[in-house]
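Readers should treat all values here as calculations from the given coordinates under stated rules, not as data from a laboratory. All of these numbers come straight from a predicted model, not from anything done at the bench. No Cβ is skipped: glycine too gets one built from the backbone with ideal geometry, and neighbour counts run over all protein chains shown.
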């Protein structure tokens with residue numbers, strides 16, 4: 001049985017940890033409001049851009065379609081762009097994203113495809129490197145900025161488009177978490193390059209739309225912007241998911257620390273009462289011997 005001094009030290013240690021987890025929970029809650037607002041504000045723009053592109057892509061086909069839309073003509077080499085966080089203490093967020101990336105990679109490998117990884121963020125690298133040591137390609141570090149923004153998305157998009165133009169891959173998939181709530185951040189896998197073709201007609205009513213200078217020229221400008229927007233949205237979703245998962249994880253840690261403090265306090269009081277009882281018995285026995 002631990003001594004009273006050891007129990008007291010453990011109680012103080014857990015109390016110190018509880019103060020840290022409580023502080024981190026409050027910080028994550030404050031950051032979550034801004035991150036959630038930014039992620040939700042970016043979704044309508046991305047959807048509207050996708051609608052405009054769908055309208056344009058429906059009028060372009062064959063050799064006139066840009067390469068970012070038509071593809072390389074092959075489906076053999078795949079690149080998985082995995083977006084993870086730079087910090088830990090956010091529950092199972094990164095492990096869920098890694099799991100989704102691993103499932104997609106194994107699915108492609110099982111069909112005979114060549115798979116490479118492009119890793120964004122520090123967390124999640126170790127398990128992917130352990131499972132796919134020969135398939136890890138380039139890595140992009142976002143830890144040098146407090147909150148990754150459109151500048152980082154532009155840099156990643158430019159590098160990915162350059163790799164696609166150089167023939168380093170045929171298809172790129174974006175793996176990232178989508179923020180639903182502080183309790184739910186769902187990992188998703190979307191095709192990024194070539195830009196997926198529209199699955200249905202875009203409703204334009206009875207309006208006759210004419211494009212100037214032309215559909216091909218406008219698409220050539222919009223397709224890279226679409227890639228940048230998708231990457232920017234994934235970074236915003238990652239930030240909101242990180243803060244939500246961190247707030248939930250720190251809340252659970254704070255509650256667990258409180259439960260542990262209560263248990264240790266009960267154990268301390270019982271040990272202290274036993275020690276007092278033993279001393280009283282010794283005193284009484286000594287008095288009777290006299």
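By the helix-only formula, in which each DSSP H run with n ≥ 4 contributes -39500 (n - 2.57) and the sum is divided by residues, the chain has a 222 nm mean residue ellipticity of -21500 deg cm²/dmol.
Please give the FRET efficiency for residue 46 paired with residue 141, using the beta carbon to beta carbon distance and R0 = 25 Å, rounded to the nearest 0.05. Efficiency for this residue pair is about 0.50.
Taking a ≥ b ≥ c as the square roots of the eigenvalues of the Cα gyration tensor, the range 23-117 is classed as oblate, since a/c reaches at least 1.5 and a/b does not exceed b/c.
Stretching residue 107 away from residue 15 to a fully extended chain increases their span by 28.5 nm, per 0.36 nm per residue minus the current alpha-carbon distance.
To the nearest 10 degrees, how steeply does helix 215-289 sit against the main Cα axis of the chain, on a 0 to 90 scale? For 215-289 against the chain, the angle is about 10 degrees. Note the angle between two axes, namely the Cα long axis of helix 4-57 and the longest principal axis of the Cα atoms of the chain, as a number of degrees from 0 to 90, rounded to the nearest 10. Approximately 10 degrees, to the nearest ten. Put the Cα centre of the range 68-95 next to the Cα centre of the range 100-166 and the gap is 5 Å.
If R0 equals 25 Å, the separation of the Cβ atoms of residue 158 and residue 134 corresponds to a calculated FRET efficiency of about 0.45.
How big is the antiparallel share of DSSP beta bridges in the range 37-248, given as a percent to the nearest 5? Roughly 35 percent of the DSSP beta bridges within the range 37-248 come out antiparallel. Let a ≥ b ≥ c be the square roots of the eigenvalues of the Cα gyration tensor of the range 135-179; is it rounded (a/c under 1.5), or, if not, prolate (a/b larger than b/c) or oblate? Because a/c hits 1.5 or more and a/b exceeds b/c, the range 135-179 counts as prolate. Taking label points 7 Å from Cα along the Cα-to-Cβ direction, residue 29 and residue 279 give a separation of 4.2 nm. A Stokes-Einstein calculation at 10 °C with viscosity 1.306 mPa s, built on the Kirkwood radius of the chain over Cα pairs, returns a diffusion coefficient of 70 µm²/s.
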